[in-house]
Structures are given as C-alpha cells and as structure tokens.
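No lab work stands behind these numbers, since they all come straight from the coordinates. This structure is a prediction, so every number in the text was calculated from the model and none was measured. For neighbour counting, all protein chains shown are included, and Cβ atoms are generated from backbone atoms with ideal geometry for every residue, glycine included.
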Amino acid sequence: MTRSSASIKIPSWVRKLEAIPAEAAQTALTDARSFLQAEMKKNLSKGGPNGLRVRTGRLIRSVRTYLKKTPQGGELSLGMAFYGWVHDRGVVIEAKTPLGLRFRIPGVGWRRAIRVVLPERRFARDALDATRKVYPQYLAQALKAAAR
C-alpha cells in the first residue's frame, strides 16, 4: 500500500531560533508551496519516462498542497488522487481469479492478463525533491527580509 501524502518539514536549526525565523519559515513555505504546485503540473504534463501522458486532466486537478502551521513553523504536504501515487511509485496488479484481469485498450479491444505491471514514474517525488533543494534558498531570502 502506498502512502497518500508526502511532506517537507522545517530544518531543526530553524526551530532553535525565536519567533522571527518561524514567521520567515512560514513565508518560505508559502513560496515553496507555489513552486511545488508549478513543478507538479510541469512534471505531470511532460510525458516521457518520468511523467504521465495525461488525457483528461483529472489527476492534475486533484493535486493539492497543504500548508499546516505548527509551533516550529509549518509543514508542507502534497496530496492527489490515489492512482497518482500508484503511478508515481509503481505497482504490480495481480488477478484474484484464474480468469485474470479483463480490461479494454482503446483502438485494440478487450484483453486479459494475469498480472499487470505499472512502471514507476517519479513525477511527484521529483517535484518534492526539487522543492527540497529550492527551500533553503526561499528560507534564506525570508530570513534576510525578516532581519531588515
């Protein structure tokens, strides 16, 4: 079973400081939230080995970012439709009966299989990794602005 969310937490060194860094962390998380949303939409629509070839846009519309305030500053989380996480992490679907799985392929017709493998396509985790790399820059900018 896959987790239905992922998150980015504030570094521990920021928690040791007082109220100004907590406010700066909130500002940085808000900026990181915008970056994460843009990165997810870019990754979902790019196709290729690390993206999905989106047909209806339902998955893109289901992407949500949550900014939760905590005493230490905050936590940024990512959520989306369940099948988005399935595609992100990859999964093997096996039939429960000997008849197998029955599914329709557009333009081809109905097919049966005992096992279906969905390959890993790291679109969500790539967006989270990119956000984790950019977050210290947002935090530094917010701390400089708060120190003025």
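Across segment 68-147, the mean sequence separation of Cα contacts (distance under 8 Å, 6 or more residues apart), normalised by length, yields a relative contact order of 26 percent. Ignoring lysines fewer than eight residues from K41 along the same chain, the ones with Cα atoms less than 25 angstrom from its Cα are K9, K68, K69, K133.
Going by a ≥ b ≥ c, the root eigenvalues of the Cα gyration tensor, does segment 80-148 fall in the rounded group (a/c under 1.5), the prolate group (a/b larger than b/c) or the oblate group? Prolate, since a/c reaches 1.5 and a/b exceeds b/c. What the Cβ-Cβ distance of A145 and S45 gives, at R0 = 25 Å and to the nearest 0.05, is a FRET efficiency of 0.15.
The radius of gyration of the Cα set in segment 72-118, together with its Dmax, comes out at 16.7, 55 angstrom.
Per-residue extension of 0.36 nm, minus the Cα-Cα distance of L101 and I114, leaves a gain of 4.1 nm for this segment.
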